[in-house]
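Below is one structure; the comments refer to it alone.
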Amino acid sequence: MNKSEFTRVYADRLGVTIQKAEEYVATFIDTITECLQNGEYVHISKFATFELRDKQKRIGVNPLDGNKVVIPACKSPNVKFSKSYKSLFNK
């Protein structure tokens with residue numbers, strides 16, 4: 001399911017137009033993104049925690065030629081799903 005398919009299903013479940021559902025989905029994503037950019041984490045109880053993690057610089061291998069390359073340090077968004085949410089899929 002891609003974003004537009006998700007938006008259509010979301011609109012049907014809420015009983016709103018597709019345009020309104022697109023606005024809701026975009027607002028949800030933008031809000032999480034802004035919080036992470038501000039150094040905050042987002043915890044949605046019984047669903048997931050979103051946070052920004054620091055990745056150290058490391059050595060990688062270029063798959064085309066096999067040469068070693070330095071992958072610079074960066075920040076990476078991370079999501080961890082709650083135990084109660086994961087348990088829905090492992091009954």
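Key figures
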| read-out | value |
| --- | --- |
| Furthest towards positive pole of dipole, Cys74, Thr17, Thr7, structure part region 5-91, Cβ charges | Cys74 |
| Heavy atoms of Lys46: accessible area, 1.4 Å probe, square angstrom to 10 | 150 |
| Over the chain: helical MRE at 222 nm, DSSP H runs n ≥ 4 each giving -39500 (n - 2.57), nearest 500 | -12500 deg cm²/dmol |
| Label-point gap, in nm, between Val9 and Thr31 - each point 7 angstrom along Cα→Cβ | 2.1 |
| Extension gain (nm, one decimal) between Asp65 and Lys91, 0.36 nm per residue minus Cα-Cα | 4.8 nm |
| Label corresponding to Cα extents along the principal axes in Å when calculated from the structure given, among (1) 36, 25, 21; (2) 39, 18, 17; (3) 54, 35, 29 | (3) |
| With all protein chains modelled, accessible area of Asp12 [1.4 Å, Å²] | 120 |
| Angle between the chain longest axis and helix 18-37 axis [Cα atoms, degrees, rounded to 10] | 40 |
| Most to least accessible of Ser82, Ser45, Ser4 (protein chains only, probe 1.4 Å) | Ser45, Ser4, Ser82 |
| Lysine pairs in the chain with Cα atoms under 29 Å, if 8 or more residues apart or on separate chains | 28 |
| Nearest 10 degrees, 0 to 90: helix 3-14 Cα axis against the chain principal axis | 30 |
| Centroid-to-centroid separation of region 8-30 and region 47-75 [C-alpha atoms, Å] | 34 |
| Solvent-accessible area per residue, Å², over the chain with all protein chains present [probe radius 1.4 Å] | 84 |
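The values are calculated or read from the model by the stated rules, or taken from the named source; none is laboratory data. In this text the structure is predicted, and so the values were computed from the model without any measurement. No Cβ is skipped: glycine too gets one built from the backbone with ideal geometry, and neighbour counts run over all protein chains shown. Ligands, DNA and RNA are excluded from the accessible area calculation, which covers all protein heavy atoms including side chains. Shrake-Rupley method; radii C 1.70, N 1.55, O 1.52, S 1.80 Å.
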